[in-house]
Amino acid sequence: MPVEVNSALPATIPVSDQPPLRELLSYSRPYRGRRRLAVAMSLLNKVCDVAPELLIGAAVDIVVSSSGQSFVGRILGTDDRFTQLSVLVAVTVLIWLAESATEYLAVTTWRNLAQTIEHEARMDAYRHIQTLEMAYFEDRTSGGLMAILNDDVNQLERFLDLGPHKLIITAANVVFVGLTFLVVSPLLALLAFLPIPVIIAGSLWYQARLEPRYAAVRSAAGIIGDTLTNGIGGIATIKAFNAEDREVARVEADSEAYRLANRDAITYSTAFNPLIRMAVLAGFTMTLIVGGRAALNGDLAVGVFSMLVYMTQRLLWPLTALGETLDQYQRAMASCRRIFGLLRAQPRILPGTTTLPSPVQGAITFDDVSFRYSPDPADPPVLERVSIAVPAGETHAIVGPTGSGKSTVLKLLLRLYEPTDGRITLDGVQIDQLSFASLRGATGLVAQDVFLFHGTVRENLAYGRPDATDAEIRRAAELAEAASFIEALPDGYDTLVGERGQKLSGGQRQRLTIARAILRDPAVLILDEATSAVDNETEAAIQRSLAKVAAGRTTVVIAHRLSTVRHAHRIHVLEAGRVVEAGTHDELVAAGGLYAALWRVQTGEAAHASAD
Ligand code: ATP
Ligand code: MG
C-alpha cells in the first residue's frame with residue numbers, strides 16, 4: 001500500500017467563526033490616536049481630491065461669463081476675469097499640495113498601523129502556542145502551524161495596508177460628491193446615484209461567494225506548508241530511499257490543489273470589476289444625456305454641466321476599485337480566521353501556583369499512576385497503576401523492554417502530559433499544583449531524542465542557564481566527556497552545530513545534551529538513554545562523571561544496557577506499562593524474573609562478544 005503521509009496526518013486547526021475584522025481591529029485599540037489620525041488624513045485627502053473638480057466648474061464659469069459676474073467674481077468682489085482666474089489657480093495649487101501631504105500622511109500612518117497589528121497578532125499567536133501542551137503539537141504538523149504564524153499573518157497586510165484608507169475615501173467620495181450633486185441638481189443626483197445600490201448589493205453577493213473560496217485557498221496553502229516542511233526536514237531519508245521523485249510528486253499534487261483553489265477564487269474575484277463598470281457606465285450615460293439636454297435647453301449653466309459630468313466620473317469610477325479592496329479583504333479575513341482559530345485553542349495543561357521551597361530536595365513519588373496518550377477511554381493504557389518512590393538524593397533506574405512506557409514516566413514527571421489517574425508528587429507537593437518554573441526548574445532532562453538548536457556549541461550548552469560562565473560551561477562539558485571533542489572543533493565552543501545539531505555525530509550530540517543538563521545543576525537529574533549513542537569506553541567515562549554528579553542528587557536513569565544501572569539504589573522494571581518488579585540489582589537477579597532474564601541475555605552477549 002502506498003504510504004500517504006499527508007492524508008493520515010494533521011488534525012486541522014479550527015477556524016474562528018467570530019467576525020474576524022472586529023477581532024483584528026481590537027489590536028489597534030491601544031493605538032487609538034494613530035487610528036484617528038489615519039482616518040482624519042484619509043478624509044482630508046478626499047476633500048483635497050474632490051475640490052479641483054469644483055474649481056474646474058468655477059473656472060469654466062469665469063471664462064464663459066463675459067460680464068465678469070461669475071460666482072468667484074461675486075465672492076472676490078472684482079469683475080476682472082484674469083484676477084479671478086489667478087486666485088483660482090493659486091487655490092488649486094495649494095489644494096494639490098495639501099492633497100499630496102495628506103496622502104503621504106494617510107498612507108504612512110495606515111501602513112505602519114497595519115504592521116503594528118500584524119506584529120501584535122504574530123506575537124500573540126506565537127506566545128499562545130507556547131502555552132499549549134505537547135499533545136496539541138503531536139496532533140498537528142509544524143508546517144501547518146508555520147503556515148499560520150508566517151503566511152497567514154503576512155497575508156493580513158494585503159488588506160490592512162491600504163484597505164481601510166481606500167474604503168474611507170470611497171465612502172467619503174460618495175458623500176461629498178453626492179452632497180454637491182444634491183445642491184446643484186437633485187434630478188441628476190438621483191440618476192448618478194442609481195448604480196450605487198446595485199454595486200453594494202453586488203458586492204455583498206460577491207463577498208458571500210468569495211469567502212469560502214479564499215478559506216479553501218488558505219487551507220491549501222497550509223497543506224503545502226506541511227508537505228514542504230516534511231520534505232525539507234527529511235531530506236537525508238529522501239535521498240537514502242531514492243524518494244526524490246515521489247516527494248516532488250507530492251509537492252506537485254499539493255501545489256496543483258493550491259492552484260485550482262486559487263483559480264476558483266480568481267473566477268469570482270475578477271468577474272466583479274466588469275460588472276461594476278457596467279453599472280457605472282449606465283449611471284454615467286444617464287447624467288450625460290439628461291444633463292446635456294438640460295444644458296442645451298438652457299436650464300443648466302454650461303459650467304455646472306461640465307462640472308457635473310466630471311463629478312459623475314468622480315462619483316462612480318472609484319467604486320470600481322471597490323472590487324479589488326473587497327477581494328483583499330476576503331483574502332485577509334480567511335487568514336484572520338485561521339489565526340484566531342489558533343488563538344482559541346485552550347491549553348489543557350495549566351501551571352499551578354505553588355513554588356517549592358528551596359533548596360529542592362527532589363523526592364519523587366508516583367502513586368497508582370495510569371495514563372494513555374489517546375483521549376479514547378476504550379484504548380489500552382500506556383501506563384497502568386504505576387507506583388514508584390524515589391527518596392531525595394537516591395539514584396533510581398527504570399528498565400524494561402522497548403515500548404513498555406519508560407520515557408512516558410519521565411514525560412509525566414515533567415508534566416508534558418497529565419496522568420489519566422493517580423498522583424505524582426515532588427517533595428510532597430502534587431506536581432499539578434506547582435508552577436512550571438518551579439517544577440521544570442528543579443529538573444534537568446537528557447531526553448531520548450536529542451534536540452539541539454541551530455546555534456553555537458556554547459549557546460546550546462547554556463540553553464538552560466543563559467547566565468553560565470565560560471568556566472562553568474567548560475566544567476559541564478568535561479563531566480559529560482564532551483570537552484575534548486568540542487575543543488577539537490574548528491571554532492571550539494563557537495562552532496555552529498547546524499539545524500538540530502546535524503553537523504555533529506550522534507554521540508557528540510548526546511554528550512552536549514548531558515552537559516546541558518548538568519550545567520543546570522538541577523535537584524533532579526533525568527537521563528533517558530543518555531549514553532546509548534557513545535562507545536563503551538566513553539560510556540564508562542561518562543558513568544564515572546555522572547556518579548560524581550549524581551551523588552546527593554536525585555537521579556532517574558533509563559537504560560537498556562543494564563550494566564550502566566546496576567549500582568542504582570533501586571531498579572524498577574516496567575513491562576507493558578506495569579511495574580512488574582523492583583529492587584536492587586542483586587535482589588532482582590536473585591528473584592529470577594524479567595530483570596534476571598534481561599541480565600542473562602546481556603551478560604551472555606558480553607561473554608559471547610569477549611569470546612570472539
Ligand atoms: P523505548 O525503550 O523504545 O524508548 P519506552 O519504554 O520509552 O520505549 P515510551 O516512549 O514510553 O516507551 O512509549 C510507550 C508506548 O506509548 C509505546 O507503545 C508508544 O507507541 C506509545 N507512545 C509514545 N509516545 C506517544 C505519543 N506521543 N502518542 C501516542 N502514543 C505514544
Ligand atoms: Mg523511551
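Worth pointing out:
- Distance in nm between pseudo-label sites at HIS454 and LEU182 (7 Å out along the Cβ direction from Cα): 6.0 nm
- What you get for the chain, charging only the Cβ of Lys and Arg (+1) and of Asp and Glu (-1), is a dipole of about 1560 debye around the Cα centre.
- Cα-centred dipole magnitude for the range 20-343, charges only on beta-carbon of K, R (+1) and D, E (-1), debye, nearest 20: 580 debye
- Take the chain with all the other protein chains still there, run a 1.4 Å probe, and you get 50 Å² of accessible area per residue.
- Under 21 Å from LYS503, Cα to Cα: lysines that are on another chain or at least 8 residues apart: LYS239
- Given +1 at the Cβ of Lys and Arg, -1 at the Cβ of Asp and Glu and no other charges, the dipole of the range 434-521 around its Cα centre is 260 debye to the nearest 20.
- Per-pair calculated FRET efficiency, R0 = 56 Å: THR353 and ALA171 via Cβ, rounded to 0.05: 0.65
- Unit charges at the beta carbon, dipole of the range 25-145: most positive-side option, LEU88, ASN45, THR116: THR116
- As a calculated quantity, the FRET efficiency between GLU244 and ASP421 at R0 = 45 Å, using C-beta atoms, amounts to about 0.40.
- Within a straight-line Cα-Cα reach of under 19 Å, LYS548 can be paired with the following aspartates and glutamates, leaving aside sequence neighbours fewer than 8 residues apart in one chain: GLU394, GLU472, GLU478, GLU481, ASP521, ASP528, GLU529, GLU537, GLU539.
- Chain lengthening between ARG263 and VAL198 when straightened (0.36 nm per residue, less Cα-Cα): 20.8 nm
- ARG36-TYR310 pseudo-label distance in nm [points 7 Å out on the Cα-to-Cβ vector]: 3.4 nm
- log10 of Debye I(q)/I(0), alpha-carbon scatterers only, for the chain at 0.05, 0.06, 0.07, 0.09 Å⁻¹: -0.41, -0.54, -0.66, -0.88
- Restriction of the trypsin sites (Lys or Arg not before Pro) in the range 263-308 to DSSP coil positions whose beta-carbon has at most 14 other beta-carbons within 10 angstrom yields no sites.
- The simple Förster model, with R0 at 22 Å and r as the Cβ-Cβ distance, assigns ALA471 and ASP494 a FRET efficiency of 0.85.
- Between helix 470-479 and the chain: long-axis angle, C-alpha atoms, 0 to 90°, nearest 10: 40 degrees
- Put the Cα centre of the range 516-576 next to the Cα centre of the range 242-306 and the gap is 70 Å.
- Dipole axis of the chain (+1 Lys, Arg; -1 Asp, Glu on Cβ), positive-most option in LEU562, ASN150, LEU188: LEU188
- Reducing the range 49-103 and the range 116-191 to their Cα centroids gives an inter-centroid distance of 39 Å.
- Of the solvent-accessible surface of the chain, computed with a 1.4 Å probe over protein heavy atoms with every protein chain present, carbon and sulfur atoms account for 60 percent.
- For the chain, the longest principal axis of the alpha carbon atoms and the long axis of helix 594-611 meet at an angle near 80°.
- The stretch between PHE137 and ALA101 holds 8.0 nm of extra length on full extension. This uses 0.36 nm per residue minus the Cα-Cα distance.
- Chymotrypsin sites (Phe, Trp or Tyr not before Pro) restricted to the range 374-474 and DSSP loop, no more than 11 other C-beta within 10 Å: PHE451
- Taking trypsin sites (Lys or Arg not before Pro) across the range 294-355, the ones in a DSSP loop with at most 15 further Cβ atoms lying within 10 angstrom of their Cβ are ARG344, ARG348.
- Which of SER505, TYR493, ALA468, positive extreme of dipole for the range 450-521 (C-beta unit charges): SER505
The values are calculated or read from the model by the stated rules, or taken from the named source; none is laboratory data. All values derive from a computational prediction rather than experimental measurement. Using ideal geometry, Cβ is built from the backbone for each residue, glycine included, and neighbour counts are taken over all protein chains shown. Just so you know, the surface numbers come from the protein's heavy atoms only, side chains and all, with ligands and any DNA or RNA stripped out. Shrake-Rupley method; radii C 1.70, N 1.55, O 1.52, S 1.80 Å.
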